[in-house]
């Protein structure tokens, strides 16, 4: 028998095509066609993003050459707008944040504070702290939630809370920078900018 006379199932077994239901074969074919189209679109979007990044960077270089001044804002963020203000392109540089081992020391100090406040304290404080240090599906802690603790106004006579907040800040590390390109169109009577969606779910 030829290889095309068999189909591999989810357990890695090779099943004769003759014994597989027609609907299962058609479903397999449809899914593979959709996956193929999705991968082609992914590759097109990747090239599209790289092309846009290159176009924006080239314009920034041109501006610098003409006026001897960079047009990029903080962290290289740039907003380019059409003359009539109807469209704008935003290049944003997003820092990927992580923490070093100092995070564990900060957590220990925070736990000491919460435990000492436990009598008569608002239980929501413990919920906020525990939620901030929860890991996601990839085992990572959200830098945003952890750093959000620094906005809490806590009065602590021992100084441990302030020390914990200092430890949080010092344990923060920039792991890398991810560039984004967003394209906007001004619509509606109020003239608010709306992103031109490149997400399949958003179009």
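Is it the case, given these coordinates, that residue 92 is modelled with pLDDT of 85 or more, part of a strand (DSSP E or B) and either exposed (fewer than 11 other Cβ atoms within 10 Å of the Cβ) or in the same structural domain as residue 172 (by TED's automatic domain parsing) (or both)? Can you show your working first?
On the way: modelled with pLDDT of 85 or more: yes; part of a strand (DSSP E or B): yes; either exposed (fewer than 11 other Cβ atoms within 10 Å of the Cβ) or in the same structural domain as residue 172 (by TED's automatic domain parsing) (or both): yes.
Against the criterion (modelled with pLDDT of 85 or more, part of a strand (DSSP E or B) and either exposed (fewer than 11 other Cβ atoms within 10 Å of the Cβ) or in the same structural domain as residue 172 (by TED's automatic domain parsing) (or both)), residue 92 qualifies.
State whether the residues of segment 95-102 include one that is within 27 Å of residue 149 (Cα to Cα), in the same structural domain as residue 197 (by TED's automatic domain parsing) and out of contact with any helix residue (DSSP H, G or I) (no Cβ under 8 Å at 6 or more places or on another chain). Reasoning before the result, please.
Initially, segment 95-102 is screened for residues within 27 Å of residue 149 (Cα to Cα), giving 95-102.
When the remaining residues are screened for being in the same structural domain as residue 197 (by TED's automatic domain parsing), the result is 95-102.
From what's left, out of contact with any helix residue (DSSP H, G or I) (no Cβ under 8 Å at 6 or more places or on another chain): 96.
The answer is yes; a qualifying residue exists.
Kindly provide the set of residues from segment 149-194 that are over 21 Å from the mean Cα position of the chain (by Cα) and part of a strand (DSSP E or B), ordered by number.
185, 186, 187, 192, 193
Testing residue 33 on (1) surrounded by fewer than 10 Cβ atoms within 10 Å (Cβ to Cβ); (2) in a helix (DSSP H, G or I), one condition comes back false. Which one is that?
(1) is the only condition that residue 33 fails.
Looking at the structure I just gave you, is residue 111 in a loop (DSSP other than H, G, I, E, B) and either in the same structural domain as residue 81 (by TED's automatic domain parsing) or free of Cβ contacts under 8 Å to residues at least 24 places away in the same chain (or both)?
On the way: in a loop (DSSP other than H, G, I, E, B): no; either in the same structural domain as residue 81 (by TED's automatic domain parsing) or free of Cβ contacts under 8 Å to residues at least 24 places away in the same chain (or both): yes.
Taking the combined requirement at face value, the residue does not satisfy it.
Counting just the residues of segment 120-133 that are loosely packed, with under 10 Cβ neighbours inside 10 Å and assigned to a loop (DSSP other than H, G, I, E, B), which one comes out modelled with the highest pLDDT?
Let us first name the residues in segment 120-133 that are loosely packed, with under 10 Cβ neighbours inside 10 Å, namely 120, 122-124.
Next cut, assigned to a loop (DSSP other than H, G, I, E, B) only: 120, 122-123.
Numbers: 120: 58, 122: 61, 123: 67.
Applying the filter and picking the extreme gives 123.
Looking at segment 139-157, is at least one residue surrounded by 13 or more Cβ atoms within 10 Å (Cβ to Cβ) and under 30 Å from residue 52 (Cα atoms)?
Taking every residue of segment 139-157 in turn, at least one turns out to be surrounded by 13 or more Cβ atoms within 10 Å (Cβ to Cβ) and under 30 Å from residue 52 (Cα atoms).
Exactly one of (1) under 18 Å from residue 183 (Cα atoms); (2) at pLDDT below 85; (3) surrounded by fewer than 10 Cβ atoms within 10 Å (Cβ to Cβ) is unmet by residue 65. Its number?
Among (1) under 18 Å from residue 183 (Cα atoms); (2) at pLDDT below 85; (3) surrounded by fewer than 10 Cβ atoms within 10 Å (Cβ to Cβ), the lone unmet condition for residue 65 is (1).
The values are calculated or read from the model by the stated rules, or taken from the named source; none is laboratory data. For clarity, every value in this text was computed on a predicted model and none was experimentally measured. Virtual Cβ from ideal backbone geometry, glycine too; neighbours counted across all protein chains shown.
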